[in-house]
Amino acid sequence: MNLQLDAPNLGEIEQEALKACLDSGFVSTVGPFVREFEEVFAQFVGTNCAVSSQSGTAAIHLALYELGIGPGDEVIVPVTTFVATVNPILYVNATPVFVDVDSRTWNIDPEEVRDAITSRTKAIIPVHLYGNPCDMEVLMQISREFGISVIEDATESLGATFDSRQTGSFGHFGCFSFNGNKVITTGGGGMIVTNSEKAADHVKFLANQARDERRGYYHPEIGFNYRMTNLEASLGLAQFSRLSTFIQKKRLFRSIYEDAFKASKAISLQSEHACSKSSWWLSCISIDLDNLDLDELRKNIASLGIPTRRLFCPVTDFPPYRPFKTRDFPVANMLYQRCLCLPSSTLNKPVEVEKAAQKILQLLES
C-alpha cells in the first residue's frame, strides 16, 4: 500500500493551467486568473463576493480587521481547532474566549457559546472541523439575538453543506484555505467570502497594502500584503474543475470506514449534524479502549504502512494560549486522548482504504 493521509491530487489539468498562466505573463498578483477564481468561487459558495488571500489565516485576519475587532473585544472560538483559527484574534489584540466542543460532531457547542457571551463579545468563529459543518442554524440565531458577528472558519470544509447551503455562506464572512493538504490546493492561498460588496471591496483594498491605485502609490490606511498570485489562482481553477470528483471520493472513503467499523464497540466516527452533509476532508475515528496509549497505537498502525494523525490538541495546552484558559474542557481533552485521523487523500484507491480499515480493526481487536 502507498496510502496518503492528506496529500494533494495533481495531474495534467494542473500542469496545463500553470503553463497557460506562465505563457500569459501574468504570474504575480495582477492578472485575469485571480479575478476568475474569485468569481467562480463566489458562485459556487453562493455569496455575492469572494476575495482571494495569501492563506486561510490571512482571510480570518482580514475578516476580524474589517469588523473593527481589537483591544478589549472578545471572540468566542472552539478549543479544538488548528492554532491558525486563534492566531488572528491575537493579531488584532483581541481576547480569544475558548469553549468546549460537542462530543458527537466535535464542533463548537452552541450552548457553550451562549454561556460564554459577555458585553465584550464581538464575534464567534465556528470551525467546520475536518469538513464537518457546525450547527449554523443555532449559531446564527445566537448571532442575531446578541448582535454578534460570525466568521466561519471553513478552511477545511469546501464542498460541505448545512441545510443544503455551502459552508462559509452563513456568517458575515466565510474563510477558506487552499493549503497543500486541503480539498483543493493552490499551493498556499485562501479565500474570504461575504454578501457585502462594500466589505469585499475594502478587504481587497486592505489585502493590497491599502493602496489607492487611482492616486498611484498612495496609502490612506495601513494595509497588508495578503494577495494571491495568478499562478496560485490558475492552479486553483484547475483544481476547482475537479472538486466534485474529490468530494465524491472523500465521501466514499468515509463510507468505507463506516462500513468497516460498524460492528466494532471500540470504534466510532465523527458524526454529522442531521441537517449537514460533510465533505469529510479527513475521516476520523474515536477509540474507546481501556488503558489506550494513542501514540503507541499510531506506531503500530504505521508499521502496517498506514499513516494517521492525532486530533488537534486543545489550543490552551500550548504555552502562548495558556493565559486564556479559564476553565477545563472535558470533551476536547477526551477527544484528543482517543481520536485519530485516517488516510483520506484522493490519491488513495478505495481498495487500499478498505484494506487499511480492516487492518486497523484487526489490530484493535487483537
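Hey, among the residues in segment 129-161 that are polar (S, T, N, Q) and part of a loop (DSSP other than H, G, I, E, B), which one's nearest to residue 63 (Cα to Cα)?
This residue is 155.
Go through the residues of segment 21-37 one by one and say whether even a single one is more than 18 Å from residue 232 (Cβ to Cβ), part of a helix (DSSP H, G or I) and not hydrophobic (A, V, I, L, M, F, W, C).
Just the residues of segment 21-37 that are more than 18 Å from residue 232 (Cβ to Cβ), to begin with: none.
Scanning segment 21-37, I find no residue that is more than 18 Å from residue 232 (Cβ to Cβ), part of a helix (DSSP H, G or I) and not hydrophobic (A, V, I, L, M, F, W, C), so the answer is no.
Checking residue 264 against (1) touching an Asp or Glu at 6+ places or on another chain (Cβ under 8 Å); (2) polar (S, T, N, Q); (3) not in a loop (DSSP other than H, G, I, E, B), which single condition isn't satisfied?
(3)
Select from segment 314-359 the residues that are outside any helix (DSSP H, G or I) and small (Gly, Ala, Ser) and write down the one among them that is surrounded by the most Cβ atoms within 10 Å (Cβ to Cβ). Full working, then the answer.
Filtering segment 314-359 down to residues outside any helix (DSSP H, G or I) leaves 314, 318, 325-329, 339-349.
Restricting the remaining residues to those that are small (Gly, Ala, Ser) gives 344-345.
On the way: 344: 28, 345: 20.
Across segment 314-359, the extreme among qualifying residues is 344.
Quick one: would you say residue 58 is more than 21 Å from residue 334 (Cα to Cα) and in contact with an Asp or Glu (Cβ under 8 Å, 6 or more places away or on another chain)?
When the stated conditions are applied, residue 58 does not pass them.
Considering segment 162-179 alone, what residues qualify as being in contact with a Pro (Cβ under 7 Å, 6 or more places away or on another chain) and either surrounded by fewer than 20 Cβ atoms within 10 Å (Cβ to Cβ) or farther than 23 Å from residue 345 by Cβ (or both)?
Once the filter is applied, which keeps residues that are in contact with a Pro (Cβ under 7 Å, 6 or more places away or on another chain) and either surrounded by fewer than 20 Cβ atoms within 10 Å (Cβ to Cβ) or farther than 23 Å from residue 345 by Cβ (or both), segment 162-179 yields only 162.
Is at least one residue of segment 269-290 assigned to a helix (DSSP H, G or I), buried (at least 18 other Cβ atoms within 10 Å of the Cβ), of a type in the set (A, V, I, L, M) and in the same structural domain as residue 252 (by TED's automatic domain parsing)? Steps first, please.
Within segment 269-290, the subset assigned to a helix (DSSP H, G or I) is none.
No, the conditions are met nowhere in segment 269-290.
Select from segment 198-247 the residues that are outside any helix (DSSP H, G or I) and among the hydrophobic types (A, V, I, L, M, F, W, C) and write down the one among them that is nearest to residue 30 (Cα to Cα).
Restricting to residues being outside any helix (DSSP H, G or I) and among the hydrophobic types (A, V, I, L, M, F, W, C), the top hit is 228.
Does residue 103 satisfy the criteria of being outside any helix (DSSP H, G or I) and surrounded by fewer than 17 Cβ atoms within 10 Å (Cβ to Cβ)?
It is true that residue 103 is outside any helix (DSSP H, G or I) and surrounded by fewer than 17 Cβ atoms within 10 Å (Cβ to Cβ).
Being at pLDDT 95 or above, in the same structural domain as residue 140 (by TED's automatic domain parsing) and in contact with a Lys or Arg (Cβ under 8 Å, 6 or more places away or on another chain) narrows it down to one of 170, 205, 224, so name that one.
None of the other options fit; the residue is 205.
The values are calculated or read from the model by the stated rules, or taken from the named source; none is laboratory data. Just so it is clear, the model here is predicted, and its values are computed rather than measured. FYI the Cβ positions are ideal-geometry reconstructions off the backbone, even for glycines, and counts take in every protein chain you see.
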